[in-house]
Each structure stands twice: as structure tokens, then as C-alpha cells.
Amino acid sequence: MSQMASSSVIPIAPEGNLSRYLQEIRKFPMLSPEEELSLARRWRDEGDERAAHKLVTSHLRLVAKIAMGYRGYGLPVGELISEGNVGMMQAVKRFDPDRGFRLATYAMWWIRAAIQEYILHSWSLVKMGTTAAQKKLFFNLRRLKGQMAALEDGDLKPEQVEKIARVLQVPEQDVVSMNRRLASPDHSLNAPVRADSEGEWQDWLVDDQETQESELSEREDLTNRRMLLGEALKTLNERERHILIERRLKDEPTTLEELSQQYNISRERVRQIEVRAFEKLQKSMKQQIVERRLAV
């Protein structure tokens with residue numbers, strides 16, 4: 001893959017002219033499931049770089065579409081696409097065609113991971129904290145604001161801050177601070193590519209309507225998360241499992257007072273059990289992810 005990655009034939013980066021790059025990558029044809037399977041096996045079994053090249057280039061539009069979703073972080077879209085393309089190549093390198101799912105489903109994780117890693121390294125530590133909770137807030141705040149139709153509202157309303165803090169399990173002040181730090185003008189996909197052009201950025205992206213492939217990807221992603229959670233919950237004892245579910249996995253969490261009465265223990269003891277159970281859950285899920293990666 002190192003030779004493939006350095007090949008000048010693959011358009012790794014937009015190189016300053018984003019509109020031309022988006023136009024060029026549309027020329028690479030999409031692959032049928034049969035073509036994809038054949039190419040992936042040729043790359044895996046024979047090291048056929050031409051096969052790997054086709055696998056990468058046929059998914060460059062997917063990378064561009066995912067990268068556009070991160071344009072609100074104030075970084076050049078071309079750089080985001082470039083990092084996403086590196087993630088795409090890593091996905092091809094590790095893809096096992098005999099596992100029964102499409103390359104796009106597998107590659108999405110690698111593309112997003114590469115882009116997110118680049119964003120984290122590009123934002124100063126003054127702008128963003130380094131704890132896991134702050135990183136989670138950093139990458140989920142815009143999504144939750146979008147669900148509330150609050151992307152253009154500036155400061156969040158108190159009830160919006162409270163809801164986001166509860167969903168992400170972070171202090172409300174962190175939500176307010178992160179929202180202000182991320183405040184930057186978005187770039188509309190309806191904006192013209194050039195001042196003298198009638199074409200818009202969105203013209204160069206793949207169709208946003210749900211396809212069978214994207215629906216399958218979402219279902220598989222949801223299934224994988226449920227499997228990870230289900231296995232992790234098995235590592236907890238009955239009381240830990242029940243308290244964690246009641247406190248963290250319900251739309252309307254049970255109060256500490258209610259659980260303390262149910263178990264005849266103090267509210268602080270319930271809180272301690274909840275925290276310990278959540279830490280055990282996280283450790284188990286991370287271990288599962290590591291084991292899956294090593295198995296690929």
C-alpha cells in the first residue's frame with residue numbers, strides 16, 4: 001500500500017483547485033458488488049496495485065461527501081478531503097472482502113477517524129480540551145444543534161444547553177464554552193463554485209438520498225454498536241447493570257433518590273456504582289474494538 005499511496009495516479013488531494021478536483025473524481029466509475037469483491041481479492045491475494053487503485057478511486061466521492069460534513073470546523077475542505085483519502089487507503093489496505101460487507105461500510109470508519117484526528121491536531125489546546133468528554137462534545141455538538149435546528153442561533157438557549165449536557169454527560173458550562181469556541185461561519189453547499197459560475201458545490205457531490213448501500217451501512221453500524229454494548233453489559237453484575245441502564249440508557253433517567261430507595265443505600269453510593277459500572281462498560285467496549293481491529 002505504501003507504493004500505492006505514493007502513486008501520482010491517485011488524486012490524493014484537491015491541490016488548491018477544489019472545484020476541479022470534485023469534477024475529476026466524478027469520472028471514476030462506481031463498482032458493482034461483484035467488481036468490488038474481485039478487485040479486493042486481487043489486492044489481498046496478489047498485491048495487485050491496479051486493483052487497489054480502482055478500489056480507492058471509486059470511493060473518492062464518498063470521502064468528499066464525508067469531509068463536507070466537517071466543514072463547519074473552520075478548516076479548508078481540501079485538507080479534510082486529503083486526510084479522508086488517506087483514511088480511505090488505510091481501509092483498502094485492511095479490508096477483508098470475505099467478511100460479507102461492502103468496502104464503503106468498512107471505509108466510513110477509517111475516513112471519519114482520519115479526518116477527526118486531523119481536526120483534533122489542527123485545533124489548538126486552548127480552543128479545545130483534551131479529555132475524552134470534551135472530545136466527545138467537540139464532535140457531537142454540531143450534530144445535536146442540528147437536531148434542535150439551532151445551528152444559526154449563536155448562544156444556545158438554557159433548555160438546549162441542559163439537554164445537550166445531559167445527552168453527552170458533560171457540565172453545562174462546557175457546552176456553552178465549546179459552542180462559543182466553535183462559532184464560525186458555515187459555507188453553504190448552495191454557494192456558487194466560482195463568482196462567474198452557475199454551478200454550486202453540491203452539484204459535485206453524490207446524491208444525498210438514501211441508497212440501499214447507505215441504509216445497509218447504517219443498519220450494520222447500529223447492529224455493531226448494539227453488539228458491543230450487549231457484550232459489555234455482560235461484564236457487569238446485576239445491580240451495576242440495572243443502575244447503569246436506569247441512569248444512562250433511558251430517555252428519562254431514573255433519579256438517584258429513586259434508586260437509593262429501591263436498593264436501600266445512599267444516593268452517593270448509587271452514584272459511585274453508576275460511575276464504576278460506566279467505567280467498566282467503557283473498558284470492555286474499547287477492548288472489544290481493539291480485538292476486532294487486531295483480527296482484521
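The values are calculated or read from the model by the stated rules, or taken from the named source; none is laboratory data. What you are looking at is a predicted structure, and each value in this text was computed from that prediction instead of being measured. With ideal geometry, Cβ positions are generated from the backbone for all residues, glycine too; neighbour counts draw on all protein chains shown.
Some observations on this one:
- All of (1) modelled with pLDDT of 90 or more; (2) surrounded by 15 or more Cβ atoms within 10 Å (Cβ to Cβ) hold for Ser266 with one exception: (2).
- The residue pairs whose first member lies in region 84-102 and is of a type in the set (Val, Ile, Thr), whose second member is assigned to a helix (DSSP H, G or I), and whose beta carbons are closer than 6 Å, counting only pairs six or more residues apart or on different chains, are Val86/Ala114; Val92/Ala52; Val92/Leu55; Val92/Val56.
- Residue list for region 14-57, restricted to those being over 27 Å from the mean Cα position of the chain (by Cα) and of a type in the set (Phe, Trp, Tyr): none
- Under the condition of being outside any helix (DSSP H, G or I) and under 22 Å from Ala40 (Cα atoms), the residues counted in region 54-85 number 2.
- Check on Arg42, of a type in the set (D, E, K, R) and crowded, with 18+ Cβ neighbours inside 10 Å: yes
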